[in-house]
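The values are calculated or read from the model by the stated rules, or taken from the named source; none is laboratory data. All of these numbers come straight from a predicted model, not from anything done at the bench. Virtual Cβ from ideal backbone geometry, glycine too; neighbours counted across all protein chains shown.
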Amino acid sequence: MRYAILLLCSTLFLLMSCNNRKQPKTIDTETKIIALENHSQKLLTETELNAKDLNQLRLLRNEVYARKGYVFDSTELNTYFNAQPWYSPRKNDPIFLTEMEKQYVHLIKQIEKAKRTETIIYKASQSPYTRFRDTIAINYKDNKKLLDVLQLFPKSNMGSWDWSQKDRTTMVDYIKTHNYIVDTTAQFLNIKYVKPNTMGLSVVDGFWTLSLYTLDADNTLVITNDSVGDGNDYTVYLLKNAVLQLIDATSIFGDYFNVLLQNNSEACQNLLEENKITFDYDFSAPQSITIASWAFHQDEDSDCFKGNTIVLQLNKKEGRFLVSDTYWKEND
């Protein structure tokens with residue numbers, strides 16, 4: 001009898017010991033799962049992102065920050081993310097993005113930019129070319145100077161994509177005759193807008209712009225910008241007597257980034273250098289350029305920076321751009 005009782009007690013002790021050994025493993029696994037849900041985000045492919053609308057893209061872009069506890073100025077965004085079970089706001093904690101996250105946010109910004117860009121499409125049934133859903137109206141007379149300049153660029157200016165001078169001339173000749181084009185290559189080259197001083201094209205995985213800045217009757221500054229995932233690649237020319245002359249961009253813009261620095265410490269300079277890829281360039285205004293970063297925020301970075309946006313104003317007399325303003329722009 002005593003032996004039976006001892007055997008029963010030993011068995012119970014072993015069972016309890018096994019349960020105690022297994023329990024921490026289960027809790028640890030659950031903790032890891034919860035942590036993963038709180039701090040990770042599935043990064044969508046470019047194809048998947050292109051299928052999203054502007055509202056969805058905005059939420060996906062801001063989710064990168066929300067996963068790190070960022071508290072938004074936008075009531076709409078705060079309401080949305082506060083409803084997410086994984087959101088844990090940390091108002092005073094600095095937010096740092098990995099290189100992959102920076103590239104992901106930049107990609108979403110580029111897709112948003114392309115989707116917002118003005119596309120002029122004629123849909124009226126009486127129009128002789130409305131059967132083409134991608135017909136783009138471009139008045140040659142109004143945009144003659146811009147379209148003429150488009151034909152002057154060497155192939156090397158087109159960056160990683162191929163748009164020969166012959167093809168550009170053929171397109172301009174068609175516009176000259178018809179005042180519209182039928183753009184059937186949306187997956188490769190899609191004209192988003194054409195205005196007297198600027199045009200923008202969605203190209204493969206990026207966005208290419210051509211902008212004109214008139215100095216006087218004989219001289220015009222011509223700027224192209226090839227904006228892709230790894231940043232902006234802009235080139236500056238002087239147009240004189242229908243000839244493009246390549247010029248040094250620094251002589252036209254100066255060291256504009258440094259005007260943002262509130263603090264010239266090495267740490268602040270390094271932070272600026274590391275985030276130059278996050279600046280977007282708007283060359284659409286006829287007399288100015290706006291350069292803004294989506295990575296810097298006033299409540300986080302004001303110790304280092306005066307703002308996240310720079311405005312460069314054209315000085316026709318000097319033939320270059322001068323800093324006219326710096327300020328904080330809200331990034332949602």
Restricting attention to the range 265-289, and to residues there that are hydroxyl-bearing (Ser, Thr, Tyr) and either modelled with pLDDT of 95 or more or more than 16 Å from ASN232 (Cβ to Cβ) (or both), which single residue is surrounded by the fewest Cβ atoms within 10 Å (Cβ to Cβ)? SER265
Which of the following residues is at pLDDT below 85, surrounded by 18 or more Cβ atoms within 10 Å (Cβ to Cβ) and closer than 16 Å to ILE138 by Cβ: ASN197, ASN190? ASN190
Need the failing condition index for ASN258 against (1) assigned to a strand (DSSP E or B); (2) surrounded by fewer than 17 Cβ atoms within 10 Å (Cβ to Cβ), just the number. (1)
For MET100, all conditions in the list (1) farther than 21 Å from ILE277 by Cα; (2) outside any loop (DSSP other than H, G, I, E, B) hold save one; what is the number of the exception? (1)
Please find, among ILE277, ILE291, the residue that is within 30 Å of PHE72 (Cα to Cα) and either assigned to a strand (DSSP E or B) or of a type in the set (Lys, Arg) (or both). ILE291
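Here's the yes/no breakdown for (1) assigned by TED's automatic domain parsing to the domain that holds THR79; (2) under 14 Å from the mean Cα position of the chain (by Cα); (3) under 23 Å from THR214 (Cα atoms):
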| position | (1), (2), (3) |
| --- | --- |
| ASN275 | no, yes, no |
| PRO286 | no, no, yes |
| ILE289 | no, no, yes |
| GLN298 | no, no, no |
| LEU312 | no, no, yes |
| GLY319 | no, no, yes |
| VAL323 | no, no, yes |
| THR326 | no, no, no |
Restricting to the range 300-332, what's the tally of residues that are within 20 Å of GLU274 (Cα to Cα) and touching a residue at least 24 places away in the same chain (Cβ under 8 Å)? 14
Quick test for you: out of ASN225, ASN263, pick the one residue that is assigned to a strand (DSSP E or B), among the polar types (S, T, N, Q) and either farther than 30 Å from LEU147 by Cα or touching a residue at least 12 places away in the same chain (Cβ under 8 Å) (or both). ASN225
LYS176 modelled with pLDDT of 80 or more and within 25 Å of the chain's Cα centre (by Cα): no
Criterion: at pLDDT below 90 and either hydroxyl-bearing (Ser, Thr, Tyr) or closer than 30 Å to TYR281 by Cβ (or both) - qualifying residue of LEU36, LEU59, LEU97: LEU97
